[in-house]
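*Asks:* Below you will find the structure I want to go over with you.
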Amino acid sequence: MKKTLIAAAFAAFVAGQAVAAPQAYVVDSSHTFPRFSYDHLGLSKQILRFNQTSGTVVLDKAAKNAQVDVTIDMTSVSTGFKDFDGHIQGVDFLDTAQFPTATFKSVKVVFDGDKPASIEGDLTIKGVTKPVTLTVTSFFNGPHPMLKKDAIGANATAVISRSAFNAGMFAPAVSDAVTLDIALEAVIE
C-alpha cells in the first residue's frame, strides 16, 4: 500500500512537470518594434524606432521563469527622414557598417505573481555590452485572437546612456539619456 502511494505521488509529480514544461515563442517581427527617444537640443523629444527585430522568448509559467533573446537590425532604424536614417547609422552614432545588429539576452526575469515585472539582461550595441533592466509595463499570455495559437504580448521600458555604448556625439546638447520603449509580440512555435 505504501509503495503504491509513493508510486502514485511520483507519477503525479512527473505528469505535473510535463504539463508545466517551458514554452518557446518566436518574436513576431511585424508587431515588435523597439523605439527610443531622447531630448533634441531642448526643442523636442525625438522618437525613433527599429523596423526589424527577431528572437525568442521561453516562458515557464509554473516555475515563474523566462528567457529573452532578441536581435535588432540596426540598419532598420526609422527616423521618418531618409537622410537622417543614414546620419544615425553613421560612425558617430550606431555605426551600422561595422555593427549591423544589437542584442538583448536576459540573465534574470523577476515575476510579480504570474507576470514578469522586470527583465535583467545584457544589451550589446556597437560591440559594447552593458547590463540593463527592463521594467515590464504590460504583459499578456494567452490565445492570439486571430492566429488561434498561444501568444505573448509585452511592453517594457528602460533608460540607458548612449555614451556608455560609444554613441555619445553632441551630448549633452542632444541628451545622453535615451529612453527605450519596447513593444513585443511572440507566438508559440
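Listed here are the residues, each with its yes/no results for (1) within 17 Å of L180 (Cβ to Cβ); (2) of a type in the set (S, T, Y); (3) exposed (fewer than 15 other Cβ atoms within 10 Å of the Cβ); (4) in contact with a Gly (Cβ under 7 Å, 6 or more places away or on another chain).
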{"position": "Q52", "(1), (2), (3), (4)": "yes, no, no, no"}
{"position": "A62", "(1), (2), (3), (4)": "no, no, yes, no"}
{"position": "V70", "(1), (2), (3), (4)": "yes, no, no, yes"}
{"position": "F81", "(1), (2), (3), (4)": "no, no, yes, no"}
{"position": "D85", "(1), (2), (3), (4)": "no, no, no, no"}
{"position": "T96", "(1), (2), (3), (4)": "no, yes, no, no"}
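*Asks:* Here is a further query. When you go through (1) surrounded by 10 or more Cβ atoms within 10 Å (Cβ to Cβ); (2) within 25 Å of K61 (Cβ to Cβ); (3) at pLDDT 50 or above one by one for V19, which number turns out not to apply?
*Replies:* (1)
*Asks:* Could you check V132 against (1) in a strand (DSSP E or B); (2) at pLDDT below 95 and say which number it fails?
*Replies:* Result: V132 passes all but (2).
*Asks:* Next question, about the same structure. Six or more apart or on different chains, Cβ atoms under 9 Å: show the pairs whose first residue is in region 44-72 and touching a residue at least 40 places away in the same chain (Cβ under 8 Å) and whose second is among the charged types (D, E, K, R) and outside any strand (DSSP E or B).
*Replies:* Close Cβ pairs (under 9 Å, with a partner that is among the charged types (D, E, K, R) and outside any strand (DSSP E or B)) amount to L48/D85; T56/E189; K61/D114; K64/D114.
*Asks:* Return the only residue of S118, S106 being under 12 Å from the mean Cα position of the chain (by Cα) and more than 18 Å from T71 (Cβ to Cβ).
*Replies:* Unique residue meeting the criteria: S118.
*Asks:* Name every residue in region 98-124 that is within 18 Å of Q23 (Cα to Cα) and surrounded by 13 or more Cβ atoms within 10 Å (Cβ to Cβ), in order of residue number.
*Replies:* Matches in region 98-124: K105, S106, V109, V110, F111, K115, P116, I119.
*Asks:* Then there is this: Residue by residue through region 135-165, note down the ones that are outside any strand (DSSP E or B), surrounded by 18 or more Cβ atoms within 10 Å (Cβ to Cβ) and not aromatic (F, W, Y).
*Replies:* Result: R162, single match.
*Asks:* Related question: Outside any strand (DSSP E or B) and of a type outside the set (G, A, S), is that true of F99?
*Replies:* Taking the combined requirement at face value, the residue satisfies it.
*Asks:* I've got another one for you. Any idea which residue in region 155-173 is farthest from the chain's Cα centre (by Cα), counting only those that are over 21 Å from V136 (Cβ atoms) and of a type in the set (A, V, I, L, M)?
*Replies:* The qualifying residue farthest from the chain's Cα centre (by Cα) is A173.
*Asks:* Right, here's the next one. Within the set of pairs 6 or more residues apart or between chains, which connect a residue that is under 18 Å from D114 (Cα atoms) and without any contact (Cβ under 8 Å) to a residue 24 or more places away in the chain inside region 137-157 to a residue that is assigned to a strand (DSSP E or B) and among the hydroxyl-bearing types (S, T, Y) with Cβ atoms less than 7 Å apart?
*Replies:* Once the first residue is under 18 Å from D114 (Cα atoms) and without any contact (Cβ under 8 Å) to a residue 24 or more places away in the chain and sits in region 137-157, its partners that are assigned to a strand (DSSP E or B) and among the hydroxyl-bearing types (S, T, Y) give T137/T157.
*Asks:* Go through (1) at positive phi; (2) surrounded by 13 or more Cβ atoms within 10 Å (Cβ to Cβ); (3) in contact with a strand residue (DSSP E or B) (Cβ under 8 Å, 6 or more places away or on another chain) one by one and return the number of the condition L41 breaks.
*Replies:* (2)
*Asks:* Would it be correct to say that G127 is at positive phi and either surrounded by fewer than 18 Cβ atoms within 10 Å (Cβ to Cβ) or of a type in the set (S, T, N, Q) (or both)?
*Replies:* yes
The values are calculated or read from the model by the stated rules, or taken from the named source; none is laboratory data. Note that the structure is predicted; figures quoted are calculated from it, not measured. We place every Cβ from the backbone using ideal geometry, glycine too, and count neighbours over all the protein chains shown.
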